[in-house]
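First up is the structure itself, then whatever we jot down about it.
The values are calculated or read from the model by the stated rules, or taken from the named source; none is laboratory data. Small disclaimer: the values here were computed from a predicted structure and weren't measured. Please note: Cβ atoms are built from the backbone with ideal geometry, for glycine as well, and neighbour counts cover all protein chains shown.
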Amino acid sequence: MGANTFARVVGAALLSCLLVPSSWPGSPPGVPQPVRAPEGAPNVLLVMTDDVGFAAASTFGGPIPTPNLDRLAAQGLRYNRFHTTGICSPTRAALLTGRNHHAVSAGIITDLATAQPGYWSQLPRSAATIAEVLRLSGNNTAMFGKHHNVPNSQLSAAGPFDLWPTGLGFEYFYGFLGGDVDQWQPRLYRGISPAEPRYPGDPGYILDRDLADDALAWIHNQKAAAPDKPFFVYLVPGAAHSPHQAPKVWIDRFRGQFDQGWDRLRAESFARQKRLGIVPEEARLTARPAEIPAWSSLHANEKRVYARMMEVYAGMLAHQDQQFGRILAELERMGLIDDTLIVFIEGDNGASAEGGMTGNVNEIGAMVNDVKPDAQWLLSMVDQLGGPDTYGHFPAGWAWATDAPFQWTKQVASHFGGTRNGLVISWPRKIRARGLRTQFHHVIDVMPTILEAAGIQAPGEVNGVRQQPLDGVSMLYSFDDPRAAGRRATQYFEVLGNRAIYHDGWLASTTPQRMPWSFDGPAGVPDAYPWELYDLRHDFSQARNLAATQPGKLRELQALFEREAIRNHVLPLDDRIGHLRARDAVGGSAKRTHFVYWSADVSVPNHAAPPTVARSFSVVVDVIVPEAGGEGVLVATGSRFGGWSFGLERGRPSLHYVVSQRPGDQFHIAGDTQVPAGPVRLRFDFDYDGGGIRRGGLARLGVNDEPVASGRIGRTFVTSAGIGETFDIGRDTGVPVSPASGPFNGEVRRVEVEVR
């Protein structure tokens, strides 16, 4: 057959395939069609902020104006008895899977995962996420912001990536994987790849704006390609988790607005909550814990610093609300708002008291590296609070105040200060009876709600894996009936030994034994914690402990908790935190002693990086120095808030070792002579003093096996800062250790690290 004949035959065959309908008798089956979402399925926008207490936002009576969330609530529903787990990773796992957090092995944050089934921090395939179910049902899915559900051992470029957002049903991901991130210079990922800065050199850059920009771009492109295909967008910004950072213009909007202190602020919020009907008239304002000082007892300088810290927090949350407002306005402009189900959870737990009594300007430094935030140091930093030179957290008093009217804060899963968060739901096409909803609900109820709204049954099998039943119940029944009887009869709570059980209007809860700002070890024996009892039918704020007068009811609820704990893999209880729990954490590179890297494009998460803390180590770098002279970073880890950087400055070997921003916590060692052009071997040795953690040591620098400089490092860190920073070769990504650090201008041939 000649070439022309062959072409005519093939062309005719292709034309017949295009022209013959798939239903033609005797014809082959038609082209497989993609799954389509059920008729009338809405777009879904699920938003959850971070470390925001029940009484922070104006929508729930708080002092921080959130006009866009107010507007959303006005066109939909506010829920005043909605609950989270009490801490970050567990809430996010429960939200995405519709199952109790221990039932999907997420009983604690991923950083403290241990080898118990309820605490592995590895979401099982038997608990497919809402994103995966919607994707398989004909939706496009995208996530923007914080994940914090990848085990530390799976954070590197080696994966596996099953538990990254793109492995959990999200077709697109832009955000960060750790517990928090620097808002000014975040370490981000797009899909499973590190993302380069979106706006390099922009002095006005801030993460929340970036996330909103990216979400809007994705929505525009999704609707351009498939206008009739519903989307599921999961927006989880870092606001208002530490580091508390915001544009100065937003912080300054609140100047002087918190000078009255946390005691009065809490009382003012409580009064607003009653006026708004957010809390019932008979509710009581619970008392301040004895461990938190009265505002009136503070020194004037303390009041000045602490008030400014609250101004920063307020600026951060208000700025986040503006970014959400941009998305809301665009959905309205595009004509999508009526057919979009918006679920907005204001906080993944109560406000965080992890800043302790004084707050701080270096979160990791204060928590782990023994950087004591003394009053004079904090006062000297007051004008920088919230800016790129601070990585701060406000005092526990503000957390308690913004959790009004409830007791306690984040981490305390036994009390509503840790677990009650404001919820707003809007769906203009379906919700007619707008206003307040008072049914008792939990974060596990969000997935069933979205599925029912979309007309999708919870699947019995996903990707060949039989599914464990949903623990959540849909809230859709409450949309048009504010007086409908609640459908959640029972719910347990547990984080770090603090625990509670809700059943038919009653709550039994343990008394906290470790303060939520303490990171020094276990509280004791969790089984020995005292118990409290509350009748929530007549006690909205968990204010009247009835344990002494209703012992039979308490025993009944304790037995119910035991059954729920067994069923959900809560046992054995573990209240350890800090280094005592981290000692048993799963995974890591601690057993390796020898590491080799082959180029300047390597960034390794801390968990897979050389373990250089509290030990001696050596770094040997083979480079080619350009004729004009060498400049830039060779090896770096951490940031200006805690880290070290080894490289060349003005052609000379140099080391920066930083424990915090304080001058006394910064050490600099440099050689006197220029490094020659061409192939060169550079060396950094650290001889640790020993005798425990955070001790000092001798740093020695060398060129071509000749010593060129040495000096004392007075003290060392236990954990580099901040969260998400990496061990970098040939550059210093994220927040640099030294602001003047740039990428190395020569060629990095090989880096060898030996730890001893």
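Summary table
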quantity	calculated
Residue match in the stretch 306-321 (condition: in contact with a strand residue (DSSP E or B) (Cβ under 9 Å, 6 or more places away or on another chain), in the same structural domain as residue 79 (by TED's automatic domain parsing), within 23 Å of residue 428 (Cβ to Cβ) and in contact (Cβ under 8 Å) with a residue 60 or more places away in the chain)	yes
Only one of 187, 198, 135 that is part of a loop (DSSP other than H, G, I, E, B), in contact (Cβ under 8 Å) with a residue 24 or more places away in the chain, farther than 20 Å from residue 90 by Cβ and in contact with an Asp or Glu (Cβ under 7 Å, 6 or more places away or on another chain)	187
Residues located in the stretch 308-318, provided they are of a type outside the set (Ser, Thr, Tyr), crowded, with 24+ Cβ neighbours inside 10 Å and more than 12 Å from residue 378 (Cβ to Cβ)	310, 311, 312, 314, 315, 316, 317
Looking only at the stretch 38-84, and only at residues there that are small (Gly, Ala, Ser) and out of contact with any Ser or Thr (no Cβ under 6 Å at 6 or more places or on another chain), the one that is modelled with the lowest pLDDT	40
Total residues in the stretch 97-130, condition assigned to a helix (DSSP H, G or I), of a type in the set (A, V, I, L, M, F, W, C) and surrounded by 24 or more Cβ atoms within 10 Å (Cβ to Cβ)	3
Filtered residues of the stretch 632-642 (kept if over 22 Å from the mean Cα position of the chain (by Cα) and either surrounded by 24 or more Cβ atoms within 10 Å (Cβ to Cβ) or over 17 Å from residue 622 (Cβ atoms) (or both))	633, 634, 635, 636
Members of the stretch 454-484 found to be in a loop (DSSP other than H, G, I, E, B), touching a residue at least 40 places away in the same chain (Cβ under 8 Å) and either outside the structural domain of residue 93 (by TED's automatic domain parsing) or among the hydrophobic types (A, V, I, L, M, F, W, C) (or both), listed by number	456, 458, 470, 475, 479, 484
The stretch 334-365, residues that are assigned to a loop (DSSP other than H, G, I, E, B) and among the hydrophobic types (A, V, I, L, M, F, W, C)	334, 336, 351, 353, 357, 361
Residues satisfying the stated conditions in the stretch 742-756, i.e. basic (Lys, Arg) and either over 10 Å from residue 729 (Cα atoms) or within 32 Å of the chain's Cα centre (by Cα) (or both)	749, 756
Answer from 239, 267 - the residue that is within 21 Å of residue 54 (Cβ to Cβ), of a type in the set (A, V, I, L, M, F, W, C) and in contact with a helix residue (DSSP H, G or I) (Cβ under 6 Å, 6 or more places away or on another chain)	239
Hits in the stretch 337-385 (condition: touching a Lys or Arg at 6+ places or on another chain (Cβ under 6 Å) and farther than 21 Å from residue 308 by Cβ)	338, 339, 349, 350, 370
Odd one out for residue 524, checked against (1) at positive phi; (2) surrounded by 14 or more Cβ atoms within 10 Å (Cβ to Cβ)	(2)
Residue within the stretch 679-687 that is more than 30 Å from the chain's Cα centre (by Cα) and among the aliphatic types (A, V, I, L, M) present	yes
Pick from the stretch 433-453, criterion in contact (Cβ under 8 Å) with a residue 60 or more places away in the chain and part of a loop (DSSP other than H, G, I, E, B), ranking: nearest to residue 502 (Cα to Cα)	440
